[in-house]
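Structure record follows, encoded as structure tokens.
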């Protein structure tokens with residue numbers, strides 16, 4: 001079954017010392033399923049890589065290799081961007097950032113669980129009825 005992939009899971013696959021059992025299990029799940037994500041994931045992930053380079057956790061060449069690896073993952077990027085009123089409504093209702101609200105909006109539209117390690121987003125996913133991907 002497909003699922004919505006959150007940046008909090010994607011990042012730990014590539015940034016050292018952040019691995020978790022949940023993220024590892026989602027990676028295994030991705031071998032047989034596909035993930036969907038809002039286009040925002042690309043921006044968030046690029047920013048994480050930039051920050052890792054700036055803090056000396058990665059060098060630019062390593063970051064480029066990570067970009068190439070991510071490009072080959074079975075992630076379908078959703079081209080539909082939620083309108084501001086929808087994002088604001090979800091953000092206020094579930095006490096989320098507008099960024100996290102975009103993941104929730106996609107999960108609600110597609111009726112898919114979210115693979116996330118973000119506590120607030122997980123709580124919102126359960127409250128909204130789509131839940132968190134179980135692995």
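Rounded to the nearest 10 degrees, the inclination of helix 119-128 to the longest alpha-carbon principal axis of the chain is 30 degrees.
Entry for the chain at q = 0.22 Å⁻¹: log10 I(q)/I(0) = -1.38, Debye formula applied to identical alpha-carbon scatterers, no solvent contribution.
Multiplying the residue separation of residue 111 and residue 31 by 0.36 nm and subtracting their alpha-carbon distance yields 26.7 nm.
Can you show me the helix-derived [θ] at 222 nm for the chain, built from DSSP H runs with n ≥ 4 at -39,500 (n - 2.57) apiece and divided by the number of residues, rounded to the nearest 500. The per-residue figure over the chain is -18000 deg cm²/dmol. If R0 is 25 Å, the Cβ-Cβ spacing of residue 39 and residue 84 corresponds to a FRET efficiency of close to 0.95.
Report, to the nearest 10°, how far helix 98-110 tilts away from the longest principal axis of the Cα atoms in the chain, using its own Cα long axis and a range of 0 to 90°. The angle comes out near 70 degrees.
Taking the longest Cα principal axis of the chain as reference, the axis of helix 21-30 is set at about 80 degrees.
Judged by the ratio a/c of the largest to the smallest principal axis of the C-alpha gyration tensor, segment 42-93 counts as oblate, that ratio being 1.5 or greater while a/b is no larger than b/c.
Read the figures in this text as sums done on the coordinates, not as results from a lab. Just so it is clear, the structure is predicted and the values come from calculations on it, not from any experiment. For neighbour counting, all protein chains shown are included, and Cβ atoms are generated from backbone atoms with ideal geometry for every residue, glycine included.
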